[in-house]
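The values are calculated or read from the model by the stated rules, or taken from the named source; none is laboratory data. Keep in mind the model is a prediction, meaning the values are calculated, not measured. Cβ coordinates were reconstructed from backbone atoms using ideal geometry, including for glycine residues, and neighbour counts include every protein chain displayed.
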Amino acid sequence: KNAPDEYRAYRAGLEWDLSEPIVIDSPEDFKSTQRWRDRVTPCHHQVTNLITFCRRLPVTLLADDVGLGKTISAGLIISELIARSRLSKILIVCPKLLGPQWKEELESKFDIPAEVATGRALLQAEPDEVGAIITTYNSARLYLDSIPEDRFQMLILDEAHKLRNLYGVEKTPQVAKRFREALESRRFRFVLMLTATPIQNRL
């Protein structure tokens with residue numbers, strides 16, 4: 001007999017683990033600035049991306065144009081969640097050629113340890129305390145289900161348009177099905193999808 005508003009409050013409490021929401025109105029509210037202020041000067045749109053992500057938790061699609069520094073936006077988001085003790089281990093899925101770039105930018109600009117792990121090496125890959133594991137879409141398709149569900153709290157999908165055409169095609173791409181299942185089961189507490197390409201899904 002609970003009122004709808006009471007149920008929504010109860011559900012929100014469960015989803016937030018009864019922890020304080022992240023309230024950011026301006027860069028002055030950031031708690032992660034000391035991690036990166038001597039290494040990177042974020043652009044206005046990258047700061048806006050961080051604020052927007054925190055307002056839209058836990059899942060966000062970031063669709064900036066090519067060349068606007070989506071990895072920097074992602075680094076800011078990761079840093080802020082780490083600084084607020086919401087996050088310690090991140091799984092980044094990207095095309096193989098982008099793996100070294102992710103590792104270099106996370107380590108040099110945000111002091112976040114990162115390791116590239118592809119193929120069966122993904123099964124054993126785990127940051128010590130705080131850090132990221134970077135893998136490919138093919139490796140994730142093959143081994144995601146075999147990774148302990150509590151190993152990572154955040155999933156970042158770079159070039160997320162690779163998951164398009166989940167519906168309306170005769171043979172659904174296996175990688176799209178694998179990530180749909182992971183998202184539906186709320187396997188990751190936070191999800192950030194990055195793309196510079198119109199999705200162009202079939203209806």
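On inspection, residue 71 qualifies as modelled with pLDDT under 95, surrounded by 17 or more Cβ atoms within 10 Å (Cβ to Cβ), of a type outside the set (D, E, K, R) and farther than 21 Å from residue 187 by Cα. Is there a residue in segment 134-142 that is surrounded by fewer than 19 Cβ atoms within 10 Å (Cβ to Cβ), farther than 18 Å from residue 177 by Cβ and among the aliphatic types (A, V, I, L, M)? Within segment 134-142, none of the residues are surrounded by fewer than 19 Cβ atoms within 10 Å (Cβ to Cβ), farther than 18 Å from residue 177 by Cβ and among the aliphatic types (A, V, I, L, M). Does residue 79 qualify as being among the hydroxyl-bearing types (Ser, Thr, Tyr) and at pLDDT 95 or above? Spelling it out, residue 79 is indeed among the hydroxyl-bearing types (Ser, Thr, Tyr) and at pLDDT 95 or above.
This table checks each residue for (1) under 14 Å from residue 154 (Cβ atoms); (2) buried (at least 19 other Cβ atoms within 10 Å of the Cβ); (3) in contact with a strand residue (DSSP E or B) (Cβ under 6 Å, 6 or more places away or on another chain).
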{"position": "90", "(1), (2), (3)": "yes, yes, yes"}
{"position": "95", "(1), (2), (3)": "no, no, no"}
{"position": "99", "(1), (2), (3)": "no, yes, yes"}
{"position": "104", "(1), (2), (3)": "no, no, no"}
{"position": "111", "(1), (2), (3)": "no, no, no"}
{"position": "121", "(1), (2), (3)": "no, no, no"}
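Here residue 48 passes the criteria (1) at pLDDT below 90; (2) among the hydroxyl-bearing types (Ser, Thr, Tyr); (3) not in a loop (DSSP other than H, G, I, E, B) except the one numbered (1). The residues of segment 74-127 that are within 21 Å of residue 61 (Cβ to Cβ), part of a loop (DSSP other than H, G, I, E, B) and aliphatic (A, V, I, L, M) amount to a single one, 87.
Applying a threshold of 8 Å to beta carbon distances and a minimum spacing of six or more residues, or different chains, the list of pairs starting in segment 145-163 at a residue that is of a type in the set (Asp, Glu) and ending at one that is assigned to a strand (DSSP E or B) reads 158/92; 158/93; 158/194; 159/194.
Please state which one of 136, 118 is hydroxyl-bearing (Ser, Thr, Tyr) and either in contact (Cβ under 8 Å) with a residue 24 or more places away in the chain or within 20 Å of residue 83 (Cα to Cα) (or both). Write out each step before concluding.
Details: 118 fails: either in contact (Cβ under 8 Å) with a residue 24 or more places away in the chain or within 20 Å of residue 83 (Cα to Cα) (or both).
Exactly one residue qualifies, and that residue is 136.
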